[in-house]
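Just below is one structure, and these are the notes that go with it.
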Amino acid sequence: MNDMDRGKEKCEILKNIRTYVAEKYGLEYASTECSHKGDCPGTCPKCDAELADLQRQLEEQGITDISQDKALSDMVKNYINTLHQDEDEQRPLGGDPALPDDIFRTEGMPEPPTLLDGEITMPPIFPEPEYERKVILECPVAGIGFHDINDINDIWDELYEGAKLALVREPKNKYDKNAVAVVLADDYDENDPEDFDFDFILGYIPRNNNAAIAAMLDMGWKDMLEAEITELKDHAPYSDKLHIAVYIRSKEPVLPKDDRLHIIDFDDEDWEAFTEELWQKGYTYRRWGKLLPDVTDLPEEGDMVVFIHTEDDKKALYLMKVIAEGDEQTHFLLSHGENPNDSVDDCCPYVLTVIKGPITLPSDELVFLGTQWEGHCRPDFKLEKEVSDKLLTLLREL
(Lines give C-alpha, C1' and ligand atoms only; values in the text may rest on other atoms or scores of the structure.)
Protein backbone atom coordinates (compact mmCIF):
# COMPACT_ATOMS: atom_id res chain seq x y z
CA MET A 1 0.00 0.00 0.00
CA ASN A 2 1.43 3.40 -0.95
CA ASP A 3 1.73 6.39 1.41
CA MET A 4 -1.34 8.08 -0.03
CA ASP A 5 -3.59 5.03 0.51
CA ARG A 6 -2.16 4.37 3.98
CA GLY A 7 -2.72 7.98 5.01
CA LYS A 8 -6.30 7.86 3.75
CA GLU A 9 -6.86 4.64 5.70
CA LYS A 10 -5.62 6.28 8.92
CA CYS A 11 -7.72 9.36 8.20
CA GLU A 12 -10.84 7.19 7.75
CA ILE A 13 -10.20 5.34 11.03
CA LEU A 14 -9.83 8.64 12.91
CA LYS A 15 -12.98 9.98 11.25
CA ASN A 16 -14.89 6.84 12.37
CA ILE A 17 -13.58 7.36 15.92
CA ARG A 18 -14.79 10.97 15.94
CA THR A 19 -18.17 9.91 14.53
CA TYR A 20 -18.53 7.20 17.17
CA VAL A 21 -17.67 9.57 20.03
CA ALA A 22 -20.12 12.17 18.71
CA GLU A 23 -22.98 9.68 18.37
CA LYS A 24 -22.38 8.00 21.72
CA TYR A 25 -22.15 11.20 23.74
CA GLY A 26 -24.77 13.19 21.82
CA LEU A 27 -22.34 15.71 20.32
CA GLU A 28 -22.77 17.85 17.23
CA TYR A 29 -20.49 16.57 14.47
CA ALA A 30 -20.84 16.58 10.70
CA SER A 31 -18.11 14.64 8.94
CA THR A 32 -17.04 16.17 5.63
CA GLU A 33 -15.04 14.85 2.72
CA CYS A 34 -11.33 15.58 2.91
CA SER A 35 -10.09 17.95 0.20
CA HIS A 36 -6.39 17.32 0.88
CA LYS A 37 -4.28 16.82 -2.23
CA GLY A 38 -1.06 14.85 -2.48
CA ASP A 39 0.44 12.51 0.13
CA CYS A 40 -1.84 12.18 3.15
CA PRO A 41 -0.20 11.91 6.60
CA GLY A 42 -3.44 10.63 8.15
CA THR A 43 -4.35 13.83 9.95
CA CYS A 44 -4.41 17.56 9.19
CA PRO A 45 -5.48 20.91 10.70
CA LYS A 46 -9.08 20.20 9.64
CA CYS A 47 -9.05 16.86 11.50
CA ASP A 48 -7.47 18.52 14.54
CA ALA A 49 -10.11 21.25 14.52
CA GLU A 50 -12.94 18.68 14.41
CA LEU A 51 -11.35 16.83 17.32
CA ALA A 52 -10.88 20.03 19.30
CA ASP A 53 -14.57 20.85 18.85
CA LEU A 54 -15.60 17.39 20.11
CA GLN A 55 -13.30 17.77 23.12
CA ARG A 56 -14.87 21.15 23.87
CA GLN A 57 -18.37 19.65 23.76
CA LEU A 58 -17.32 16.75 26.02
CA GLU A 59 -15.90 19.20 28.55
CA GLU A 60 -19.10 21.22 28.47
CA GLN A 61 -21.00 18.03 29.38
CA GLY A 62 -18.54 17.32 32.17
CA ILE A 63 -17.18 14.21 30.41
CA THR A 64 -13.47 14.03 31.06
CA ASP A 65 -12.64 10.35 30.60
CA ILE A 66 -13.88 8.26 27.68
CA SER A 67 -11.12 5.66 27.82
CA GLN A 68 -13.27 3.08 29.62
CA ASP A 69 -15.29 2.21 26.55
CA LYS A 70 -14.70 -1.19 24.98
CA ALA A 71 -15.87 -0.29 21.47
CA LEU A 72 -13.74 2.85 21.48
CA SER A 73 -10.75 0.82 22.74
CA ASP A 74 -11.12 -1.59 19.83
CA MET A 75 -11.19 1.30 17.35
CA VAL A 76 -8.07 2.84 18.89
CA LYS A 77 -6.30 -0.53 18.78
CA ASN A 78 -7.20 -0.78 15.09
CA TYR A 79 -5.55 2.60 14.56
CA ILE A 80 -2.44 1.48 16.48
CA ASN A 81 -2.26 -1.68 14.35
CA THR A 82 -2.27 0.52 11.25
CA LEU A 83 0.65 2.50 12.68
CA HIS A 84 2.51 -0.73 13.43
CA GLN A 85 2.00 -1.85 9.83
CA ASP A 86 3.60 1.39 8.71
CA GLU A 87 6.57 0.74 10.99
CA ASP A 88 6.91 -2.87 9.83
CA GLU A 89 7.11 -1.67 6.23
CA GLN A 90 9.55 1.17 6.98
CA ARG A 91 11.77 -0.44 9.67
CA PRO A 92 15.04 -2.05 8.54
CA LEU A 93 15.30 -5.79 9.07
CA GLY A 94 15.93 -6.46 12.75
CA GLY A 95 14.90 -2.95 13.86
CA ASP A 96 12.79 -2.42 16.96
CA PRO A 97 9.27 -1.01 16.65
CA ALA A 98 8.65 2.22 18.54
CA LEU A 99 5.45 4.24 18.68
CA PRO A 100 5.98 8.00 18.72
CA ASP A 101 5.77 9.28 22.30
CA ASP A 102 3.23 11.92 21.34
CA ILE A 103 0.92 9.84 19.13
CA PHE A 104 -2.05 10.07 21.48
CA ARG A 105 -1.40 13.73 22.23
CA THR A 106 -1.27 14.47 18.49
CA GLU A 107 -4.37 12.50 17.63
CA GLY A 108 -6.18 13.36 20.84
CA MET A 109 -7.07 9.79 21.76
CA PRO A 110 -6.22 7.99 25.02
CA GLU A 111 -4.19 4.82 25.21
CA PRO A 112 -6.22 1.61 25.07
CA PRO A 113 -7.71 0.95 28.52
CA THR A 114 -6.49 -1.99 30.57
CA LEU A 115 -9.27 -1.96 33.14
CA LEU A 116 -9.33 -5.71 33.53
CA ASP A 117 -5.74 -5.56 34.78
CA GLY A 118 -6.53 -2.66 37.11
CA GLU A 119 -3.96 -0.42 35.49
CA ILE A 120 -5.94 2.63 34.29
CA THR A 121 -4.81 5.93 35.73
CA MET A 122 -5.95 9.09 33.98
CA PRO A 123 -4.48 12.52 34.67
CA PRO A 124 -6.50 14.38 37.30
CA ILE A 125 -8.91 16.86 35.78
CA PHE A 126 -10.22 19.47 38.19
CA PRO A 127 -12.18 22.47 36.94
CA GLU A 128 -10.70 25.94 36.77
CA PRO A 129 -12.51 28.68 38.74
CA GLU A 130 -15.76 29.57 37.02
CA TYR A 131 -16.88 33.11 36.24
CA GLU A 132 -20.29 34.41 35.35
CA ARG A 133 -20.29 35.99 31.91
CA LYS A 134 -22.77 37.87 29.74
CA VAL A 135 -22.85 38.43 25.99
CA ILE A 136 -22.34 42.12 25.21
CA LEU A 137 -21.83 41.84 21.47
CA GLU A 138 -22.54 39.37 18.67
CA CYS A 139 -21.31 40.39 15.24
CA PRO A 140 -19.57 39.30 12.04
CA VAL A 141 -15.84 39.99 11.72
CA ALA A 142 -15.16 42.83 9.30
CA GLY A 143 -12.30 43.02 6.81
CA ILE A 144 -11.47 39.32 6.58
CA GLY A 145 -11.09 39.68 2.82
CA PHE A 146 -7.98 41.81 3.40
CA HIS A 147 -6.12 39.34 5.60
CA ASP A 148 -4.53 35.91 5.41
CA ILE A 149 -7.83 34.21 6.20
CA ASN A 150 -8.73 34.99 2.59
CA ASP A 151 -5.43 33.98 1.01
CA ILE A 152 -4.41 30.88 2.93
CA ASN A 153 -7.06 28.16 3.03
CA ASP A 154 -5.31 26.40 5.90
CA ILE A 155 -6.26 29.23 8.25
CA TRP A 156 -9.97 28.89 7.47
CA ASP A 157 -9.74 25.12 7.89
CA GLU A 158 -8.24 25.57 11.35
CA LEU A 159 -11.18 27.65 12.61
CA TYR A 160 -14.07 26.08 14.50
CA GLU A 161 -17.05 27.20 16.52
CA GLY A 162 -15.97 27.84 20.10
CA ALA A 163 -12.37 28.74 19.20
CA LYS A 164 -11.00 31.26 21.71
CA LEU A 165 -10.11 34.72 20.41
CA ALA A 166 -8.12 37.73 21.59
CA LEU A 167 -9.27 41.32 21.09
CA VAL A 168 -6.37 43.68 20.36
CA ARG A 169 -6.53 47.48 20.24
CA GLU A 170 -4.90 49.14 17.25
CA PRO A 171 -4.92 52.83 18.27
CA LYS A 172 -2.64 53.83 15.39
CA ASN A 173 -5.02 52.53 12.75
CA LYS A 174 -5.31 55.45 10.29
CA TYR A 175 -8.83 54.51 9.18
CA ASP A 176 -10.52 53.99 12.57
CA LYS A 177 -9.44 55.43 15.93
CA ASN A 178 -11.49 52.73 17.72
CA ALA A 179 -10.05 49.80 15.76
CA VAL A 180 -10.19 46.46 17.62
CA ALA A 181 -8.53 43.53 15.86
CA VAL A 182 -9.78 39.95 16.20
CA VAL A 183 -7.01 37.37 16.63
CA LEU A 184 -6.85 33.67 17.43
CA ALA A 185 -5.91 33.52 21.11
CA ASP A 186 -2.92 31.26 20.42
CA ASP A 187 -1.53 33.82 17.94
CA TYR A 188 -1.37 36.70 20.42
CA ASP A 189 1.15 37.10 23.23
CA GLU A 190 -0.46 39.47 25.74
CA ASN A 191 2.90 39.77 27.52
CA ASP A 192 4.49 41.32 24.45
CA PRO A 193 1.78 43.44 22.75
CA GLU A 194 4.23 45.95 21.26
CA ASP A 195 5.68 43.34 18.93
CA PHE A 196 2.33 42.07 17.65
CA ASP A 197 2.13 41.98 13.85
CA PHE A 198 -1.31 43.16 12.69
CA ASP A 199 -0.79 41.37 9.37
CA PHE A 200 -1.70 38.16 11.22
CA ILE A 201 -5.25 38.89 12.31
CA LEU A 202 -8.62 37.51 11.26
CA GLY A 203 -10.23 40.94 10.88
CA TYR A 204 -11.83 43.65 13.03
CA ILE A 205 -14.86 44.34 15.19
CA PRO A 206 -17.17 46.29 12.82
CA ARG A 207 -16.79 50.06 13.02
CA ASN A 208 -20.38 50.58 14.19
CA ASN A 209 -19.89 48.16 17.12
CA ASN A 210 -16.35 48.82 18.33
CA ALA A 211 -16.47 52.05 20.37
CA ALA A 212 -17.54 50.45 23.67
CA ILE A 213 -15.11 47.52 23.26
CA ALA A 214 -12.25 49.93 22.43
CA ALA A 215 -13.04 52.04 25.51
CA MET A 216 -13.02 48.99 27.79
CA LEU A 217 -9.68 47.85 26.40
CA ASP A 218 -8.23 51.36 26.78
CA MET A 219 -9.32 51.42 30.43
CA GLY A 220 -7.43 48.20 31.10
CA TRP A 221 -10.44 45.89 31.31
CA LYS A 222 -9.11 43.35 28.79
CA ASP A 223 -9.08 40.59 31.43
CA MET A 224 -12.83 41.01 31.82
CA LEU A 225 -13.50 40.46 28.12
CA GLU A 226 -13.67 37.09 26.40
CA ALA A 227 -14.44 36.29 22.78
CA GLU A 228 -15.00 33.15 20.73
CA ILE A 229 -16.16 32.07 17.29
CA THR A 230 -19.89 31.35 17.14
CA GLU A 231 -20.52 30.64 13.45
CA LEU A 232 -18.60 29.83 10.26
CA LYS A 233 -20.19 30.09 6.82
CA ASP A 234 -18.12 28.51 4.06
CA HIS A 235 -19.97 29.99 1.10
CA ALA A 236 -21.18 33.31 2.53
CA PRO A 237 -19.79 36.69 1.41
CA TYR A 238 -16.84 37.97 3.44
CA SER A 239 -19.03 40.38 5.40
CA ASP A 240 -21.05 37.42 6.77
CA LYS A 241 -18.51 34.61 6.74
CA LEU A 242 -17.19 34.63 10.33
CA HIS A 243 -19.31 35.47 13.39
CA ILE A 244 -18.12 35.95 16.97
CA ALA A 245 -19.51 36.69 20.43
CA VAL A 246 -17.87 39.01 22.98
CA TYR A 247 -18.55 38.41 26.67
CA ILE A 248 -17.93 40.43 29.81
CA ARG A 249 -17.24 38.28 32.82
CA SER A 250 -17.51 38.90 36.55
CA LYS A 251 -14.46 40.20 38.41
CA GLU A 252 -14.65 37.44 40.99
CA PRO A 253 -15.20 33.70 40.45
CA VAL A 254 -18.65 32.34 41.11
CA LEU A 255 -18.80 31.29 44.74
CA PRO A 256 -18.80 27.50 44.83
CA LYS A 257 -21.64 25.64 46.42
CA ASP A 258 -21.04 22.95 49.00
CA ASP A 259 -18.41 20.94 47.14
CA ARG A 260 -17.85 18.22 49.70
CA LEU A 261 -17.53 14.78 48.16
CA HIS A 262 -20.38 12.28 48.35
CA ILE A 263 -19.20 8.74 49.04
CA ILE A 264 -20.67 5.28 48.37
CA ASP A 265 -19.44 2.00 49.87
CA PHE A 266 -19.81 -0.98 47.49
CA ASP A 267 -19.72 -4.66 48.41
CA ASP A 268 -18.01 -7.21 46.15
CA GLU A 269 -21.06 -7.93 43.98
CA ASP A 270 -22.01 -4.28 43.43
CA TRP A 271 -18.38 -3.31 42.71
CA GLU A 272 -18.03 -6.02 40.07
CA ALA A 273 -21.25 -4.91 38.34
CA PHE A 274 -20.23 -1.25 38.56
CA THR A 275 -16.76 -1.74 37.02
CA GLU A 276 -18.20 -3.94 34.27
CA GLU A 277 -20.71 -1.20 33.42
CA LEU A 278 -17.90 1.35 33.15
CA TRP A 279 -15.95 -0.98 30.90
CA GLN A 280 -18.88 -1.54 28.55
CA LYS A 281 -20.37 1.98 28.49
CA GLY A 282 -17.91 4.51 29.88
CA TYR A 283 -20.52 5.81 32.33
CA THR A 284 -22.83 4.48 35.05
CA TYR A 285 -26.60 4.82 35.47
CA ARG A 286 -28.01 4.95 39.02
CA ARG A 287 -31.38 5.42 40.73
CA TRP A 288 -31.32 6.90 44.22
CA GLY A 289 -34.15 7.75 46.60
CA LYS A 290 -34.22 11.52 46.33
CA LEU A 291 -37.86 11.82 47.40
CA LEU A 292 -37.78 9.52 50.40
CA PRO A 293 -38.08 11.48 53.66
CA ASP A 294 -35.10 9.72 55.25
CA VAL A 295 -32.82 10.23 52.24
CA THR A 296 -31.54 13.79 51.91
CA ASP A 297 -28.48 15.57 50.56
CA LEU A 298 -28.21 13.45 47.41
CA PRO A 299 -25.92 14.82 44.67
CA GLU A 300 -26.96 17.26 41.98
CA GLU A 301 -25.67 17.70 38.44
CA GLY A 302 -22.01 18.69 38.60
CA ASP A 303 -21.39 17.14 42.04
CA MET A 304 -18.58 14.62 42.52
CA VAL A 305 -19.07 11.21 44.09
CA VAL A 306 -16.47 8.74 45.34
CA PHE A 307 -17.26 5.07 44.70
CA ILE A 308 -15.15 3.00 47.10
CA HIS A 309 -14.59 -0.70 47.75
CA THR A 310 -12.46 -2.43 50.38
CA GLU A 311 -10.24 -5.28 49.18
CA ASP A 312 -8.41 -6.92 52.09
CA ASP A 313 -5.96 -4.27 53.32
CA LYS A 314 -6.50 -2.02 50.30
CA LYS A 315 -9.20 0.29 49.04
CA ALA A 316 -10.13 0.82 45.39
CA LEU A 317 -11.98 3.97 44.38
CA TYR A 318 -13.27 6.04 41.50
CA LEU A 319 -13.90 9.76 41.50
CA MET A 320 -17.10 10.28 39.48
CA LYS A 321 -19.11 13.32 38.38
CA VAL A 322 -22.88 13.61 37.91
CA ILE A 323 -23.43 14.72 34.30
CA ALA A 324 -27.21 14.23 34.11
CA GLU A 325 -30.10 13.74 36.52
CA GLY A 326 -33.88 13.67 36.41
CA ASP A 327 -35.31 14.56 33.01
CA GLU A 328 -31.82 15.29 31.64
CA GLN A 329 -30.77 11.66 32.07
CA THR A 330 -33.66 10.64 29.79
CA HIS A 331 -32.23 12.75 26.97
CA PHE A 332 -28.74 11.41 27.68
CA LEU A 333 -29.76 7.75 27.60
CA LEU A 334 -31.94 8.16 24.50
CA SER A 335 -29.02 9.81 22.69
CA HIS A 336 -26.95 6.72 23.57
CA GLY A 337 -29.51 4.29 22.18
CA GLU A 338 -30.82 3.16 25.56
CA ASN A 339 -34.34 3.01 26.95
CA PRO A 340 -34.55 4.99 30.21
CA ASN A 341 -35.94 3.15 33.21
CA ASP A 342 -39.56 4.29 33.54
CA SER A 343 -40.05 2.77 37.01
CA VAL A 344 -42.60 4.60 39.12
CA ASP A 345 -40.89 5.01 42.47
CA ASP A 346 -39.43 7.62 44.75
CA CYS A 347 -36.02 7.45 43.12
CA CYS A 348 -34.27 10.00 40.96
CA PRO A 349 -32.16 8.73 38.02
CA TYR A 350 -28.53 9.81 37.64
CA VAL A 351 -25.79 9.40 35.02
CA LEU A 352 -22.16 9.70 36.18
CA THR A 353 -18.86 9.67 34.31
CA VAL A 354 -15.29 9.05 35.47
CA ILE A 355 -13.08 11.92 36.59
CA LYS A 356 -10.30 9.63 37.78
CA GLY A 357 -9.90 5.95 38.54
CA PRO A 358 -9.58 3.20 39.35
CA ILE A 359 -7.16 4.08 42.14
CA THR A 360 -5.99 1.45 44.62
CA LEU A 361 -4.34 2.54 47.87
CA PRO A 362 -3.33 0.81 51.10
CA SER A 363 -6.09 1.25 53.66
CA ASP A 364 -3.70 2.87 56.12
CA GLU A 365 -3.19 5.78 53.66
CA LEU A 366 -6.92 6.48 53.84
CA VAL A 367 -7.34 6.29 57.61
CA PHE A 368 -8.27 9.98 57.59
CA LEU A 369 -11.56 9.03 55.83
CA GLY A 370 -12.81 7.57 59.08
CA THR A 371 -15.49 4.88 59.11
CA GLN A 372 -18.83 6.71 59.18
CA TRP A 373 -19.31 6.25 55.42
CA GLU A 374 -18.98 2.46 55.60
CA GLY A 375 -22.17 0.66 54.66
CA HIS A 376 -23.70 3.59 52.78
CA CYS A 377 -24.95 2.25 49.45
CA ARG A 378 -26.43 5.61 48.36
CA PRO A 379 -24.51 8.90 48.13
CA ASP A 380 -26.56 10.67 50.79
CA PHE A 381 -23.42 10.80 52.92
CA LYS A 382 -20.98 13.68 52.49
CA LEU A 383 -17.47 13.73 53.87
CA GLU A 384 -16.59 16.50 56.28
CA LYS A 385 -15.07 19.51 54.52
CA GLU A 386 -11.56 18.93 55.89
CA VAL A 387 -11.65 15.24 55.00
CA SER A 388 -13.12 15.93 51.55
CA ASP A 389 -10.45 18.52 50.75
CA LYS A 390 -7.70 16.18 51.93
CA LEU A 391 -8.96 13.38 49.68
CA LEU A 392 -9.13 15.72 46.67
CA THR A 393 -5.60 16.90 47.39
CA LEU A 394 -4.44 13.29 47.51
CA LEU A 395 -6.12 12.56 44.17
CA ARG A 396 -4.47 15.58 42.57
CA GLU A 397 -1.06 14.29 43.61
CA LEU A 398 -1.52 10.77 42.24
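Worth a mention:
- Using a cut-off of 25 Å between Cα atoms, the listed pairs 251/390; 164/241; 70/390; 172/222; 222/385 include 251/390; 70/390; 222/385 as exceeding that distance.
- Sorting 182-189, 315-322 by their mean Cβ neighbour count within 10 Å, with the most densely packed peptide first, gives 315-322, 182-189.
- FRET efficiency for residue 191 and residue 334, using Cβ-Cβ distance with R0 set to 35 Å, rounded to 0.05: 0.15
- Gain on full extension, evaluated as 0.36 nm per residue between residue 301 and residue 78 minus their Cα-Cα distance, stands at 76.8 nm.
- At an R0 of 25 angstrom, the distance between the Cβ atoms of residue 360 and residue 386 translates into a FRET efficiency of 0.55.
- Mean Cβ neighbour count within 10 Å, used as a protection proxy, ranking 349-357, 299-307, 376-384 highest first: 349-357, 299-307, 376-384
- Here the peptides 241-248, 158-165 are ranked by packing, the mean other Cβ count within 10 Å, and the order with the highest first is 241-248, 158-165.
- Cβ-derived FRET efficiency at R0 56 Å, residue 376 paired with residue 31, nearest 0.05: 0.80
- Taken along the Cα-to-beta-carbon direction at a fixed 7 Å, the label points for residue 259 and residue 218 span 3.9 nm.
- Simple label model, 7 Å out from Cα along Cβ direction - residue 71 to residue 207, nm: 5.4 nm
- Note that segment 204-218 has calculated 3J(HN,Hα) couplings of 9, 4, x, 4, 7, 10, 9, 4, 5, 5, 4, 5, 5, 5, 5 Hz, one per residue in order, obtained from phi through the Karplus relation 6.51 cos²θ - 1.76 cosθ + 1.60 (θ = phi - 60°); glycine and proline are x.
- Surface listing: 135, 76 arranged by accessible area from highest to lowest gives 135, 76, probe 1.4 Å.
- In segment 200-289, Cα pairs under 8 Å separated by at least six residues give a relative contact order of 17 percent.
- With the simple model of a label 7 Å out from the Cα in the direction of the Cβ, residue 396 to residue 135 spans 3.4 nm.
- Loop-located GluC sites (Glu not before Pro) in segment 164-252 (DSSP state not H, G, I, E or B) with no more than 12 neighbouring Cβ atoms inside 10 Å: 190.
The values are calculated or read from the model by the stated rules, or taken from the named source; none is laboratory data. Small disclaimer: the values here were computed from a predicted structure and weren't measured. No Cβ is skipped: glycine too gets one built from the backbone with ideal geometry, and neighbour counts run over all protein chains shown. When the accessible area is computed, the model is the full protein with side chains, heavy atoms only, and any ligands, DNA or RNA have been set aside. Shrake-Rupley method; radii C 1.70, N 1.55, O 1.52, S 1.80 Å.
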